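One structure is given below, encoded as structure tokens.
The values are calculated or read from the model by the stated rules, or taken from the named source; none is laboratory data. Worth saying up front: this structure is predicted, and the values here are computed from it rather than measured. Every residue, glycine among them, receives a Cβ derived from its backbone with ideal geometry; neighbour counts consider all protein chains shown. Calculation scope for accessible area: heavy atoms of the full protein, side chains included, ligands and nucleic acids excluded. Shrake-Rupley method; radii C 1.70, N 1.55, O 1.52, S 1.80 Å.
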Amino acid sequence: MSFYADPSFFVLLMAAIIPAAILGLTEKPLGRYGAVASVALIACLFCKTPLEGIYAAGYLALSCASIQWLVRRPASKKRFWVALTLALAPLVAYKVSAAFDQSLLGFLGISYLTFKSVQMVLEIHDGIIDRMKPLDTFSFLVFFPTFTSGPIDRSRRFLEDAHAVRPRDEYAGMLARGILLIVAGLVYKLFIAGLLYKAYSFAPWGSGPFLWELFLQVKTAYAYGLYLFFDFAGYSLMAIGASWCLGVRTPRNFRAPFIAVDIKDFWNRWHMTLSFWLRDFVFMRFAQAAMKRKLFKKRLHTSLCGYLVNMTLMGAWHGLTPNYLAYGAYHGALLALCELYQKKSSFYKKNKERTWYKILSWIVTIQLVMLGFALFSGQISLLLKGR
């Protein structure tokens, strides 16, 4: 069974929402019920892949134990590095083995579980989280609406919602909104993305006239980019909707990314929970470490290098293949160049609020974004091989 794709999942989802609705409308907390329902649906997720289920259960047990071990002595560097290594090692092993067509320790949801575990480890060590009950840790990690592909929530925000006892009218509004989001996600993913999936086909450069072949490649890149958006945004809407039905306001993942007027604006709109997670736990930490060690003379140089590190890591997270690594490095370079241009260019500072400049900037940004999708999908690699 696949989440948000198979008809059987939606039957089980409705079966999970009905008791949640009864509890919520009678002003009962939903946290423990959410954990029980999550265990049941995740068991169904792995019913045909029991080995993956064992890996997932092992990771959950290991993460819960290491987080509880760290929270007892959060200032301990030894405990911090052990807990961080245990949180990251399975994902690293999986990504490295996947590059060689293997699947060592891999299971559906490993990437997003890793994000959650690492977030808790870092914030416990920083003193932001001063206590974390075992059941709370487990409930956050196992929450089924976002288990396989996000959006990436934060533990403190999640637990506030999970423990909240909402007035009947407030929960009724959340339930109605959640159902509407699920319906909207179905339209995005199954209808619009389904049509766009049929609109592109990766092919090497043909022998026709140059402009015609160029048109076909550009059409493919645009169709794939739009398909990727509606497919993933549709999934995200359904995941957010299911979360709201269970009383958890999972944050949005997309905010009209194709109206972005520069590449920084794009990443503030596209896969926002990933972008913000990387900003908080990779970019900011790299910048702080670099400034502490005085690796760069200027703060701007620190930021430029931080963008490259941040986005290259994002590409590696997708997979250790040339197209994903190139995609990450490409966006890191774009973000660095955008930052440099906006900080140093008097032309930008003079014209940035003018309508003609915003339109021109939007056109350029969309072309750069679609070129990035051509890298991500392997379309560029296919063209290079064809030559």
Percent relative contact order for the range 239-333, counting Cα pairs under 8 Å at least six residues apart, stands at 16 percent
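Which value, in Å², gives the accessible area per residue of the range 243-387 when a 1.4 Å probe is used on the protein heavy atoms? Could the numbers behind the result be given before it?
Working: 7500 Å² over 145 residues.
Roughly 52 Å² per residue, with all protein chains present.
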Using a 1.4 angstrom probe with every protein chain in place, what is the largest-first accessible-area order of GLU52, GLU339?
GLU52, GLU339
Lys and Arg at +1, Asp and Glu at -1: neighbours of LYS358 with Cβ under 10 Å from its Cβ sum to 0
Size of the range 1-112 along its principal axes in angstrom, Cα-based, largest extent first?
46, 39, 17
May I have the pair-distance distribution P(r) for the chain, computed from all Cα-Cα distances with 20 Å bins from 0 and rounded to whole percent?
24, 56, 19, 0
What does the charge dipole of the range 163-266 about its Cα centre add up to, to the nearest 20 debye, if the Cβ of each Lys and Arg holds +1 and the Cβ of each Asp and Glu holds -1?
300 debye
Which net charge results when you count Lys and Arg as +1 and Asp and Glu as -1 among the other residues whose beta-carbon is under 12 Å from that of LEU300?
+4
Which residues in the range 257-284 place their backbone N less than 19 Å from a point set 7 Å from the Cα of ARG177 along the Cα-to-Cβ direction?
272-273
On full extension of the chain, what length is gained from SER97 through LEU313, given 0.36 nm per residue of separation minus the C-alpha to C-alpha distance?
76.1 nm
In whole Å, how far is the Cα centre of the range 189-251 from that of the range 324-387?
19 Å
Could you work out the equivalent-ellipsoid semi-axes for the range 111-253, taking the square root of 5 times each eigenvalue of the Cα gyration tensor, largest first, in whole Å?
40, 20, 9
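Full-extension gain between THR26 and MET1, please, as 0.36 nm times their residue separation minus the C-alpha to C-alpha distance.
The span from THR26 to MET1 would gain 5.8 nm if fully extended.
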Once ligands and nucleic acids are excluded and a 1.4 Å probe is used, how much of TRP362 is accessible, expressed in Å² to the nearest 10?
100 Å²
Assigned charges on the beta-carbon of Lys, Arg, Asp, Glu; the range 1-103 dipole about Cα centre (debye):
680 debye
Nearest 10 degrees is fine. How inclined is helix 110-125 to the longest principal axis of the chain, computing both from alpha carbons?
70 degrees
Whenever you get a sec, line up PHE202, PHE147, PHE230 from highest to lowest accessible area (probe 1.4 Å, protein heavy atoms).
PHE202, PHE230, PHE147
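Just want to confirm a number: the relative contact order over the chain, from Cα pairs under 8 angstrom separated by 6+ residues, in percent.
Computed over the chain, the figure is 16 percent.
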For Cα pairs less than 8 Å apart in space and 6+ apart in sequence, what is the mean separation divided by the residue count of the range 155-262, i.e. the relative contact order in percent?
42 percent
Any idea how far the Cα center of the range 4-35 sits from the one of the range 60-106, in Å?
30 Å
Share of carbon and sulfur in the accessible heavy-atom surface of the chain [1.4 Å probe, %]:
67 percent
Heavy atoms only, probe 1.4 angstrom, no DNA, RNA or ligands counted: give me SER243, SER381 ranked by accessible area, highest first.
SER381, SER243
Here, chymotrypsin sites (Phe, Trp or Tyr not before Pro) of the range 3-104 satisfying both criteria (DSSP loop; at most 14 other Cβ within 10 Å) are PHE100
In deg cm²/dmol, rounded to 500, what helix-only [θ] at 222 nm does the chain give when every DSSP H run of at least 4 residues adds -39500 (n - 2.57) and the total is split over its residues?
-23000 deg cm²/dmol
Pseudo-spin-label distance VAL165 to THR85, built 7 Å along Cα→Cβ, given in nm, is 4.5 nm
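Among rounded, prolate and oblate, which fits the range 245-387 when a ≥ b ≥ c are the square roots of the eigenvalues of its C-alpha gyration tensor, a/c under 1.5 means rounded, and a/b larger than b/c means prolate?
Here the range 245-387 falls in the rounded category.
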Charge dipole (the range 75-129, unit charges on Cβ, about Cα centre) - positive-most of PRO90, THR114, PHE80
PHE80
Tell me the per residue accessible area of the range 109-202 using a 1.4 Å probe; a whole number in Å² is fine.
45 Å²
Using +1 on the beta carbon of Lys and Arg, -1 on that of Asp and Glu, and nothing else charged, what's the dipole of the chain about the Cα centre, debye to 20?
1580 debye
Please turn the phi angles of the range 42-56 into ³J(HN,Hα) values with the Karplus equation 6.51 cos²θ - 1.76 cosθ + 1.60 (θ = phi - 60°), one per residue in order, whole Hz, x for glycine and proline.
5, 4, 5, 4, 9, 5, 9, 10, x, 5, 4, x, 5, 4, 5
Counting C-alpha atoms alone, how compact is the range 159-236: give Rg to one decimal and Dmax as a whole number, in angstrom.
20.3, 66
Sorted by chain and number, the residues with a modelled amide H under 5 Å from that of ILE152, at a separation of 5 or more or across chains, are THR273, LEU274
If I stretch the segment between ASN351 and LYS298 completely, what's the gain in nm (0.36 nm per residue apart, minus their alpha carbon distance), one decimal?
16.5 nm
Around ILE129, which amide H atoms from residues at least 5 apart in sequence, or from another chain, sit under 5 Å from its own amide H, with H modelled in the peptide plane?
ILE124
Cα lying deepest toward the dipole's positive end in the chain, options GLY173, ALA193, TRP205, charges on Cβ:
TRP205
Charges on Cβ only, +1 for Lys and Arg, -1 for Asp and Glu, centred on the Cα centroid of the range 319-358; of ALA326, TRP356, LEU337, which one is farthest towards the dipole's positive end?
TRP356
